Amino acid sequence: MFIKMYKEADTTASITTEEKIAFLLQPSSYPYSVSSVKSIETHMSWVFLAGDLVYKMKKPVSYRLFDHRTLESRFTNSLEEVRINKKLAEDIYIGVVPLVINKEGKLQLEGKGEIKDWLVKMKRIPERNMLGYAIEHDCIDDTQLHEAATLLAGFYITSLPVPVTLTGYAGKLESEILFIHDELLAPLFALPHLLIKELTAGQRAFIAARQDLFEQRIAAGKIIDAHGDLRPEHICLGPQVAFIDRLEFSRELRIMDPAQELSLLSVECEMLGNSHIGHVFIDVYRKKSNDIIPLPLINFFKIKAACLRAYLVARHIEEPRYKDDPKWLTKARVYLQLAERYHQQLPV
């Protein structure tokens, strides 16, 4: 039924993105009482915080790994986001709802008519419940932190191994490293080229010299379909622990070792000023799984994570609304400095 509906909707007169946003910013647009609406723009979506609920509308954009310029692709992606996030945030993700032109010829959310877009509908989590907020305000609840680490460890332990070959897995890591390397060298970013090249060379040398580590991880079934974007702002500590915003647009990017994902989380926590939390998540996982992750592997993945985040932060200046804000390139350089510190601890 839904497939037919959105294909028919594509043939109707167009409604601009600006019109959709303007409509969704109005409290009266929601099918329940809302006093005000707050919007957040990301690379991929517009997020509307409306009372106790959140609605996420995908941008009609195309990037290297996805193309959301059609109504059909945004619908499919929204369904996938809800599906994969049920695993770690079952009560948060409600479903996918339509934005339509009703019989009166007006935009209506969750109504009947010609479908103009699809939105992911979620329960709203107070910002104070998120790990990122707790770090920044120095109000970590150790019990909640261990509950979150335990839930995540259970997710990793019960996830089925993804069959990969050493050649394929090592090749994927190296191609990702080289892609980030080339992007970081863009003249627009004016980042330290010598350091970037040194970090890239160190990562590639580690892959070549320590194939035994990667082979052991594959043989132990440690390559899984993980969260894919594990950051403090995606971890709800209470009253019920949840992990939101699992990366939905590319399963390939979610295929990783828990060691890699936990290393990324550690880097992000350290960037916020708390290196202890990353150790808590790694230690809980180690104890629950009996998986003693070698320290050199963690350092390798931290370098890779810090370089990735440097690239993702730097590319903000490619957008008109951010191009004159110096904080993004400053933050990218801090990530690279962090990567350099991990690089100095990396034996080959």
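FYI, it's all coordinate maths here, none of it is from the lab. Model, not experiment: these values are computed from the prediction. As a convention, Cβ positions derive from the backbone with ideal geometry for all residues, glycine included, and neighbour counts pool all protein chains shown.
For this structure, a couple of remarks:
- Alpha carbon centroid spacing (whole Å) that separates the range 173-189 from the range 45-119: 32 Å
- The radius of gyration of the Cα set in the range 131-344, together with its Dmax, comes out at 17.0, 48 angstrom.
- Ranking of THR330, THR70 by count of other Cβ atoms within 10 Å, fewest first: THR330, THR70
- Longest segment of the chain lacking chymotrypsin sites (Phe, Trp or Tyr not before Pro) that sit in a DSSP loop with at most 14 other Cβ atoms within 10 Å: 33-321
- Within the chain, longest stretch clear of exposed GluC sites (Glu not before Pro) (DSSP loop, no more than 12 other Cβ within 10 Å): 105-348
- Kirkwood Rh (inverse of mean 1/r, distinct Cα pairs), the range 2-124, angstrom: 14.7 Å
- The range 16-44 and the range 244-263 have Cα centres separated by 30 Å.
- Phi to ³J(HN,Hα) by Karplus 6.51 cos²θ - 1.76 cosθ + 1.60 over the range 61-69, Hz, x for Gly, Pro: 10, 10, 10, 4, 10, 7, 9, 10, 7
- Mean residue ellipticity (222 nm) of the chain, computed from DSSP H runs ≥ 4 via -39,500 (n - 2.57), nearest 500: -16000 deg cm²/dmol
- Highest GNM mean-square fluctuation among LEU65, LEU295, LEU185, for the chain modelled with Cα contacts below 10 Å: LEU65.
- A straight line joining the Cα centroids of the range 219-240 and the range 131-157 runs 11 Å.
- Couplings 3J(HN,Hα) for the range 210-220, derived from phi with the Karplus relation 6.51 cos²θ - 1.76 cosθ + 1.60 (θ = phi - 60°), are 10, 4, 4, 5, 5, 5, 5, 5, 5, 4, 7 Hz, where x marks Gly and Pro.
- Comparing PRO258, PRO320, PRO31 in a Gaussian network model of the chain, where Cα atoms under 10 Å apart are tied by springs, the biggest mean-square fluctuation is seen for PRO320.
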